[in-house]
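Following: one structure in structure tokens, then a few remarks.
Bear in mind these aren't lab numbers, they're just calculated from the coordinates by the rules spelled out. As the structure is a computational prediction, the values presented were derived from the model and not from experiment. Reconstructed Cβ throughout: ideal geometry from the backbone, glycine too, with neighbour counts over all protein chains shown.
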Amino acid sequence: MRATESMWYRDSLFSINRNKLEFAKTIQQQSSGKRINTFSDDPAGSSFVVGLNDRKSQITQFITNVDRTQTLLSNTETAISQIQNVLNSAVTTLSQATTGTSGPEERALLAVDISEKKKQLLDIANTRVMDRYVFSGTNIDTVPYTETAGVVTYNGNDGLINSQVGASIQVTTNIPGSELFNDGSGDLFTFFENVQTHMTNNDSAALKNDVTRLGEIIKHISTERGIVGNRIAETTTIKTSLKEFSTNVTATISSIEDANMAEVISNLSKEELGLQVALQATARIQSTTLFDYLG
């Protein structure tokens, strides 16, 4: 009989402890809303969720990179738009200088206007965004353009800065000043300096050539703006795809680790009842005496 009682006590305690563990696990699921709260709850599922969370973190970083890239590109496009405004205004000034009614005095006054436009372009060329100079190439801490005695010098380089916006996708975030302000036929600032000289010297023939040259420059700047616009459009498409991917990954994680609350509540009732039954059975065993067996 001693052996039988020992077995009863052992089995009853095992049953109680098992029920307590299951009850506590279900309580935790109800509280957290998660089916998987520890690795042991579902080793295979836990490993998969870890991988998915790593992927989600990577996607979040890509989205952050896209946002930063779009900020830089948008400010670059704004700066180029300002350049276009100055150049379009210069067209009007040059047109006035090439009319038959403009003489030396009128052209001298227009030369002052061209000088002011050159200063405006220099300010735009030194645009700074997010603590970096936009048009310095990879020399982002270097002022791209400086002027000494009317001569403007480029201090940046031709380097491109790429941003990782996908596992195998990079987008260029900048246009070096050496590319934007030089169309291959000459430097924009040198052009304005020459126009100013031609107006001051009342050089009609040179000014007519300047009109043609300005048209070429405007076309070049427009092309560069188009490149930036395409990059902005590309990053917008990429960001949409990344957000959709992130949503799908989140849904997959949820399907693996989230608890079915209706099922949890049902299990909670069953396990609570099972625990009560086990405790009652143990109590009856503990109150049994020799006289119960003798009848």
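Computed quantities for the displayed model
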item	result
Part-to-part distance (alpha-carbon centres) for the range 219-253 and the range 114-166, which is given in Å	25
Convex hull projection area averaged over all views, the range 88-142, Cα basis, nm²	4.7
Residues of the range 64-95 with amide N under 20 Å of a point placed 7 Å along Cα→Cβ from VAL249	64-70
Where the Cα pairs of the range 88-216 fall when distances are cut into 10 Å bins, in %	12, 37, 27, 16, 7, 2, 0
Kirkwood-Stokes translational diffusion coefficient of the range 194-240, alpha-carbon pairs, 20 °C, 1.002 mPa s, µm²/s	165
Those residues of the range 56-79 whose amide nitrogen sits under 16 Å from the label point placed on MET130, 7 Å along Cα→Cβ	60-79
Approximate spin-label separation ASP67-ASN85, in nm, with each point projected 7 Å along Cα-to-Cβ	2.8
12 Å beta-carbon shell around PHE135, net charge (K/R +1, D/E -1)	-2
Distance in nm between pseudo-label sites at VAL211 and THR142 (7 Å out along the Cβ direction from Cα)	4.0
The range 110-172: Cα Rg divided by the 2.2 N^0.38 Å rule of thumb	1.44
In nm, spacing of pseudo-spin labels at ALA108 and ASN162 (7 Å Cα→C-beta vector)	5.6
